[in-house]
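A.B. asks: One structure follows; several queries about it will come next.
The values are calculated or read from the model by the stated rules, or taken from the named source; none is laboratory data. Remember, predicted model here, so these are calculated numbers, not experimental data. Cβ sites come from the backbone with ideal geometry, for glycine too, and all protein chains shown count toward neighbours. To get the accessible areas, we keep the full protein, side chains included, count just its heavy atoms, and leave off ligands, DNA and RNA. Shrake-Rupley method; radii C 1.70, N 1.55, O 1.52, S 1.80 Å.
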Amino acid sequence: MHLDFIKKLLLESGEILRSGFGHVTQIDNKQDQSNIVTESDFKSEELIRKLISETHPDHNILGEEHGFEDKKSAYTWIVDPLDGTSNYAAQIPWFGVLVALVKNGQPIISGAYLPISNDLYLAQKGKGALKNNKRIAVASETNLKNILCCYSLDYSIDSTKTDREVQIIKNLVQNCRNLRSTNSCVDFCLVADGRIGAALNQTMKIWDIAAPQLIIEEAGGKVTDIEGKQIVYYPSEASLDQNFTAMAANLEVHGMTLQLIKDKQFLY
């Protein structure tokens, strides 16, 4: 699989998002108040599906807006046509397109495109990660006090879950330089290119994390779930509703952050 194809998917769908930015005419709620969709979400995914079907007609496709198309293939394209829809609808430029090709539970090629900044991230298993055709690496800093962390917090009907997340945020902000969040793929892209030291999110879908995981790992980082376990992707109808958690950082910061979450105590 060549990176040129995934680059084409990202850039062409990204142009749809860029042209629609600031001109959203309809916003619909999906499952809850935090989960919305615009016409750009649908247009972007329809284009990506069309291009994949024309080029790889035997491959499965799983997308946020149109579900799972099962061709019984070993290969599945996982598509988030507009990650950060709430930002997009509010005319905040923190959003992007995510595409990953998964085989045997793991991404083997992936990309992320941020249309407003025109930043293109690409990765291929075992071949490193690129941003705008230049090799990238996660931050080398290992002292939490010297890094920025991102933590995304979404609405939950379970107030106990929210309380637990607020405690984690408290521990993080007391131990890192400062806390940031775009609540989108931008957070994980910033980890991949070394500007953010760690990113955490406990409310994700398969299309939110599959692409960023490979980019960050190929940039030298580590991505697991919030308990430190390997994330494995088995695309299916059931996976459309599966919740994923994710924690991304360089190896040492990942371990310290995991300790901070598990021990629920300050490191300093």
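A.B. asks: When you scan segment 1-109 for helices (runs of 4 or more DSSP H) that lie fully inside it, which ones turn up with 3 or more residues that are of a type in the set (D, E)?
C.D. replies: So the answer is 3-20, 39-55.
A.B. asks: Can you name the number of the only condition in (1) in contact (Cβ under 8 Å) with a residue 60 or more places away in the chain; (2) under 30 Å from K72 (Cα atoms) that T257 fails?
C.D. replies: Failed condition: (2).
A.B. asks: Kindly evaluate Y155 against the criterion of being within 26 Å of L214 (Cα to Cα) and of a type in the set (F, W, Y).
C.D. replies: For Y155, the condition - within 26 Å of L214 (Cα to Cα) and of a type in the set (F, W, Y) - is not met.
A.B. asks: How many of the residues in segment 127-140 are assigned to a loop (DSSP other than H, G, I, E, B) and open to solvent by 70 Å² or more (accessible area, probe 1.4 Å)?
C.D. replies: 3
A.B. asks: Related question: When you scan segment 82-89, do you find a residue that is under 19 Å from V102 (Cβ atoms) and crowded, with 18+ Cβ neighbours inside 10 Å, even just one?
C.D. replies: yes
A.B. asks: If you don't mind, there's one more thing I want to ask. Spot the failing condition for S117; the list is (1) part of a loop (DSSP other than H, G, I, E, B); (2) surrounded by 22 or more Cβ atoms within 10 Å (Cβ to Cβ), and only one is missed.
C.D. replies: Only one criterion in (1) part of a loop (DSSP other than H, G, I, E, B); (2) surrounded by 22 or more Cβ atoms within 10 Å (Cβ to Cβ) is unmet by S117, namely (2).
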